[in-house]
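The values are calculated or read from the model by the stated rules, or taken from the named source; none is laboratory data. Here the structure is a predicted model, which means the values were calculated and not measured. Here the Cβ positions follow ideal geometry from the backbone for every residue, glycine too, while neighbour counts run over all protein chains shown. Only protein heavy atoms, including side chains, enter the accessible area calculation; ligands, DNA and RNA are left aside. Shrake-Rupley method; radii C 1.70, N 1.55, O 1.52, S 1.80 Å.
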Amino acid sequence: MSNDQWQIKKGGEKCAGSDKTLEPGEEYYAALIETNEGFDRIDYSVDYWNHQQPAVYCFWKTRVPVKEEKKKLFVDDAILVNIFERLENEQDPMKINFRFVLALILMRKKLLKYEDTLREGDQEIWKMKMAREEKVHQVTNPHLTDEKIEQVSVELSTILHGEL
């Protein structure tokens with residue numbers, strides 16, 4: 001599989017550990033695991049999660065949407081920040097693209113501020129700070145086209161929401 005495509009299953013249907021069907025309105029844990037192809041989303045019932053504590057890259061608690069409910073546009077800001085920070089030292093091009101798009105989203109939400117640009121050879125590194133924090137984050141600018149940014153954004157949304 002290329003770094004341009006992830007195959008993400010739809011979330012919120014069954015617990016990956018117990019195979020229990022997750023019912024509309026039920027809380028569950030959505031998690032990212034790392035595979036050879038990149039990230040994959042796996043969902044766990046609250047009961048399974050509390051008893052088994054599966055090893056995952058990161059996770060968040062959510063709820064199976066009720067058909068009549070309007071879906072949230074995105075996940076909690078703290079989850080986005082957590083994933084952004086966890087990807088900080090990754091070197092895989094797919095993860096660099098993923099982190100860059102997260103940085104753009106966090107900038108749009110005014111949670112991350114651009115400070116400066118460093119150039120290391122042909123690489124462009126953005127120095128950025130979280131609002132009300134002093135720690136400087138370095139974000140590699142992979143020079144994505146608008147089309148590629150949209151593609152990574154859709155992949156990010158697919159992973160976080162489990163929608164296809």
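What to note about this one:
- Residue check, K71 modelled with pLDDT under 90 and open to solvent by 50 Å² or more (accessible area, probe 1.4 Å): yes
- W60 being touching a His at 6+ places or on another chain (Cβ under 9 Å) and outside any helix (DSSP H, G or I): no
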